[in-house]
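What follows is calculated from the coordinates using simple rules that are stated; it is not laboratory data. Every value quoted in this text rests on a predicted model; they were computed, and no experiment measured them. Note: ideal-geometry Cβ built from the backbone for every residue, glycine included; neighbour counts use all protein chains shown.
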C-alpha cells in the first residue's frame, strides 16, 4: 500500500473578500495559492491543521480555516517530505517560503480559534515504498489490545504493530545493563515519535491503590528484559543480554503516583481497595462454576489420599463510587507443592461481586498468578483482573473482551 496521495478534490476554493466580510472573518494572507502537486511543497514551511495516521479525518477548524484563507486546505502525505515524520496524512492550510511568514499566518488562525502547527516540510523525496508496510499498519485504528499497555523494569512496553516496532528499532544502539542487573538492559532511542506515541504525549495511567495518574512520555528506549539461565550468570563476562528480545519502550513521568497500567480505552477505571484482604466465609449465593471446581478438587484430593483444604478470602473495593468485593477461593492439598513434579493441588480462584452479591466476574482460576488489581473499561463493561505471573513476572488482563498481555522472557530453570 502506497502512502496516501493528496486528494485531488481538495483544490483551492477561492472566496471573495466580500464573502469573508459577510462571515465576519479577516482574510489571512497566503502568498502563493495552494497546489495539488506534492512536489510544490518541498522546502516550504507548512501551517498544518492536523496530522493523522488514518486518512480522511476532519480537523475541527477545517471550515473556519477555509473561510479565513479563501481556499480549501489540501491533504498531503508526510512520507514524501524529508523534514516530516512519515506515515501521517497532513491537512495543510498554508505553505510559506520562510518561518516568519508561516508563524504570522498561524497567529491569525489561532486568534480565530483554529488549532494549527507550523512545520518545515524539508525536501520533497516522493513516495517511499520501504515504509509502505509500516504506514499501512498505522493507518488502521488501534485494536483493543493496543489500547492497554504494561510497564516492565525498563519502562512502558509500547504495544505496537510488528512492522512499526521493527522500523523503530532499525539501527538501535547496543543495550547496556541497568543498575548492575543482568535481567534488564536498555539504551535510549533518538525518536520523537514511535507509531501512535510521541514525546510530550499524555497517557491515561492507573495506580491500583490511588486511581488515575496523568503520565507524559519523556523519551523512548530499546529494552531487553528476561531472566537469564543461572549457568550464564555464573560464567561471567556479560557484555550483552542472553535472554529476551529487543522491544520499544517509553519513559514516563507521572503526576500523582506511579503508574502500574496504561489504559487508553474511553471510560477506563480501576477499583480502589478500601481494606486489606481478610479471611471470609463462603458467599451466601452459590457462585457459577463453584460446584464443578470443588468436585474436581475433591477428586484430586481423593487420588492423593489427602484432605482438601478450602479457604475463602475477601477484599473490599470501590469501583466508580460503588462497593464491590473480590472473593478468593484457595484450594490446596498437602504442602501445596505443584511445580517441578509436585503432585499437590495449589489453586486460587477469584470472583468479583457487587454489594448485592451479583457476579460482576464469574469464578475463574488464576493458577500461578497474583492479583494486582481490578480494571473496568467503563461503566457497564466487564470487570477484568490485572494479573502478574509469579515465576516470569509476565502480566495480563483477564475477563474482558480481549486479553492484552506482556510476556517477559524466562530462560532460567523453573526448579
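The angle separating the long axis of helix 290-304 from the principal Cα axis of greatest extent in the chain is about 50 degrees.
Counting other Cβ atoms within 10 Å as a rough exposure proxy, the listed residues 48, 347 run 347, 48 from fewest neighbours to most. For the chain, the spread of Cα coordinates along the three principal axes comes to 92, 59, 37 Å, biggest extent given first. Length gained on full extension, residue 187 to residue 130: 18.0 nm, using 0.36 nm per residue less the C-alpha separation. Evaluated over the Cα positions of the stretch 272-376, the convex hull gives a direction-averaged projected area, one quarter of its surface, of 7.1 nm². Note on the stretch 142-267: Kirkwood radius taken over Cα pairs, Stokes-Einstein applied at 25 °C and 0.890 mPa s, translational D equal to 159 µm² s⁻¹.
For 152, 115, 299, which order do you get if you count the other beta carbons within 10 Å of each Cβ and list the fewest first? Least crowded to most crowded, the residues run 299, 115, 152.
As a calculated quantity, the FRET efficiency between residue 339 and residue 253 at R0 = 22 Å, using C-beta atoms, amounts to about 0.05.
Only DSSP H runs of four or more residues enter the estimate; each adds -39500 (n - 2.57), and after division by the residues of the chain the mean residue ellipticity at 222 nm equals -4500 deg cm²/dmol.
Between the stretch 67-113 and the stretch 210-231, the C-alpha centres lie 36 angstrom from each other.
Taking the longest Cα principal axis of the chain as reference, the axis of helix 99-111 is set at about 70 degrees. Placing R0 at 35 angstrom, the Cβ-Cβ distance between residue 405 and residue 281 gives a FRET efficiency of 0.55 after rounding to 0.05.
Label-to-label distance for residue 85 and residue 170 is 1.7 nm, based on points extended 7 Å past Cα in the beta-carbon direction. R0 = 45 Å: FRET efficiency of residue 201 with residue 358, Cβ-based, nearest 0.05? Rounded to the nearest 0.05, the efficiency is 0.70.
For the stretch 76-147, the Stokes-Einstein estimate of translational diffusion at 37 °C and a viscosity of 0.692 mPa s comes to 232 µm²/s, using the Kirkwood hydrodynamic radius over alpha-carbon pairs. A straight chain from residue 99 to residue 214 at 0.36 nm per residue would run longer than the Cα-Cα distance by 38.1 nm. With only the Cα atoms considered, the stretch 216-345 has a convex hull volume of 228 Å³ per residue. Say a paramagnetic label sat at a point 7 Å from the Cα of residue 233, along Cα to Cβ; which residues of the stretch 390-407 have their backbone N under 15 Å from it? Under cut-off, by backbone N: 391-393.
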